[in-house]
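So the structure is just underneath, and the comments pick up after that.
Computed from the coordinates by the stated procedures, all read-outs in this text should not be read as laboratory data. A quick note: this is a predicted structure, and the numbers were derived from the prediction, not measured. Don't worry about glycine lacking a Cβ; one is built from the backbone with ideal geometry, like all the others, and counts go over all protein chains shown.
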Amino acid sequence: MPERTLAEAWGLAPAVLGVVGLGLVLGLVVAVVDRVVVFGASGAAVEPIRSSARLLVEQRRTTLAADRLLWRIGCVAVPTLALLSLAVVPVAGRTLWSTSADLVWFNAMEALLWAAVWLVGWGPNAVHALTGGYRFLAQGLAYELPLMFALITAGLAAGSLRTTDVVAAQEGLWFVVTMPVAFVIFVASAAAFAFWGPFAAPAAADIAGGVTSELSGVDRLLVEAGRAVFLGASAAMAAALFLGGDSGPWLPGPLWHLLKTLAVVAALVWVGRRMPVLRPDRTVEVGWMVLVPLTLLQALVVAVLVLNGFYA
Amino acid sequence: MLSDLSGWAITAVAVLGVLSVAAGVAVFVVDSMARATFALLASFLAVAGILLALDLVYLAVVTALMMTIEMAIMAVFMIMFMMNPAGLMPMTMVHNAKGSAVTGAGAFVVLVVGIWTIDWPTRDTSRPADSTRQLGEAIMGSHMLVMLVIGIGLFATILAGTVLATARGRYDRFGPRLDSQRPDDPVSGGLRR
């Protein structure tokens with residue numbers, strides 16, 4: 001039997017370390033690209049590392065009657081879940097962990113991120129943070145279903161929920177060609193789950209930073225790093241699910257996947273930073289009334305194509 | 001029965017089982033709604049871990065997914081309605097202690113007697129290569145009717161719950177003659193409908 005997972009190919013510990021390292025690099029790339037888009041290229045590569053180091057040595061502020069246990073759990077969970085979602089993203093043609101329900105695993109990590117961000121908002125016992133936490137819940141509820149349908153559409157065309165099967169099914173044609181709606185909604189929902197760009201209302205300036213308002217030191221580093229890693233992991237997942245993963249001429253496969261991931265990150269940051277922050281109360285209805293029917297229609301089109309043997 | 005489970009799987013099931021019961025007890029011990037909610041989530045995640053150890057990946061992941069969303073939404077409602085959301089005053093999660101103790105002990109006895117006395121069927125076929133596919137085929141095939149009835153039942157419950165909970169109806173939104181062009185909503189949804 002050929003080795004199917006990274007853990008089997010490299011050994012468990014090196015594979016886990018490799019994926020964690022890759023996640024941190026992806027997060028750093030997102031932070032650097034973000035800085036380049038917002039502030040220009042000067043010092044962009046150093047700044048995220050410098051501010052991370054500063055946060056590491058910064059003393060922690062606290063608030064009156066904070067729920068420390070839940071606050072710490074939330075802060076640690078954000079980057080942990082971002083890294084766990086990377087476990088089913090193919091690296092060099094293999095995933096760290098391969099099951100028959102990879103796509104649902106990815107989705108479950110996002111749902112847990114939901115709870116974690118609410119905890120980050122609840123923990124400090126502060127009104128702005130809690131408001132941000134509730135905004136994130138409302139936003140997540142509206143974008144969870146479209147995201148689920150977008151993920152399932154890719155699985156539907158491949159006839160499998162295993163990421164490596166989805167990549168293999170795109171040998172002839174990238175899925176983005178037949179499911180552009182699912183691709184755009186997947187990337188947008190990724191930004192929404194990282195409460196970033198136009199979906200940054202849970203951490204917006206009008207509530208003094210929302211869920212992040214009371215974070216300091218290591219806690220802020222963990223949450224901010226988790227957001228960046230999650231965006232990077234989602235970009236890698238989008239490249240694998242919709243852009244053919246590591247398929248491409250001339251260059252070796254992993255390099256192609258990396259290039260596509262970087263392209264998704266660049267496009268996401270470039271577009272996201274040019275849009276205003278959307279108000280959750282103005283967008284939840286769009287999520288329910290427009291995006292859910294759109295993704296269902298997209299799934300229907302793909303299902304009809306599957307029945308006609310289009311992907312076979 | 002347990003013979004085809006590896007040693008670590010049995011250990012994991014035992015440890016996670018104890019963990020899930022402990023987290024379940026914690027729900028009634030802690031004095032904050034947020035902590036009670038997340039203790040319950042921890043209990044459900046331990047159950048998901050048990051399913052994972054039994055190699056039922058899809059069921060495990062879907063349990064984690066659904067329970068997390070459920071608990072996140074529950075946190076909103078519980079904190080809205082409970083008397084002591086943040087645990088600033090002493091409160092108890094236990095109501096009708098004697099009655100619930102009797103009910104709990106009764107349910108425990110019935111379940112334990114059932115588990116140890118029922119002549120459980122033994123599996124006569126080999127394990128399926130892909131339990132996710134087998135589950136999908138069961139749900140979309142032989143158990144389709146059950147799933148449809150459950151789905152419609154759950155959906156009707158959601159609608160009924162919402163109708164009971166909301167104080168506003170269509171006459172509040174569209175006027176006494178239902179002839180208003182735009183609804184009069186306290187919060188605009190964004191589509192101007």
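Just a few scattered comments:
- Proportion of all alpha-carbon pairs of the protein assembly as shown beyond 39 Å (%): 29
- Between B:THR162 and B:THR117, the contour length at 0.36 nm per residue exceeds the alpha carbon distance by 11.9 nm.
- For region B:1-88, fraction of C-alpha pairs farther apart than 15 Å, in %: 61
- Backbone HN-Hα couplings from phi across region A:55-71 [Karplus 6.51/-1.76/1.60, Hz, Gly and Pro as x]: 5, 4, 9, 5, 6, 7, 8, 9, 10, 6, 6, 6, 8, 4, 4, 5, 4
- Chain B - Debye-derived log10 I(q)/I(0), Cα point model, q = 0.15, 0.18, 0.19 Å⁻¹: -1.26, -1.45, -1.48
- Debye log10 I(q)/I(0) for region A:6-307, one point scatterer per Cα, at q = 0.08, 0.10, 0.13 Å⁻¹: -0.33, -0.53, -0.90
- Placing +1 on the Cβ of every Lys and Arg and -1 on the Cβ of every Asp and Glu, with nothing else charged, gives region B:129-184 a dipole about its Cα centre of roughly 300 debye.
- Dipole of region B:99-193, positive direction: furthest Cα of B:LEU145, B:LEU159, B:TRP120, with charges on the beta-carbon: B:LEU159
- Pairs of Cα atoms farther than 15 Å apart, region A:135-235, %: 67
- The packing ranking, built from the mean of other Cβ atoms within 10 Å per residue, places the peptides A:35-42, A:205-212, A:158-165 in the order A:158-165, A:205-212, A:35-42, highest first.
- The charge dipole of chain A, taken about its Cα centre with unit charges on the Cβ of Lys, Arg, Asp and Glu (plus for the first two, minus for the last two), comes to roughly 560 debye.
- Rounded to the nearest angstrom and listed largest first, the equivalent-ellipsoid semi-axes of region A:1-108 from its Cα gyration tensor are 31, 22, 13.
- Kirkwood Rh in Å, taken over region B:129-184 so that all alpha-carbon pairs contribute: 14.6
- Our helix-only sum for the protein assembly as shown, with -39,500 (n - 2.57) per DSSP H run of n ≥ 4 divided by its residues, gives a mean residue ellipticity at 222 nm of -22000 deg cm²/dmol.
- From the alpha carbon centroid of region A:246-312 to that of region B:128-159 is 28 Å.
- What the phi angles of region B:54-60 give under the Karplus curve with 6.51, -1.76 and 1.60, with θ = phi - 60°, is a coupling list of 7, 6, 9, 4, 4, 4, 4 Hz, glycine and proline written as x.
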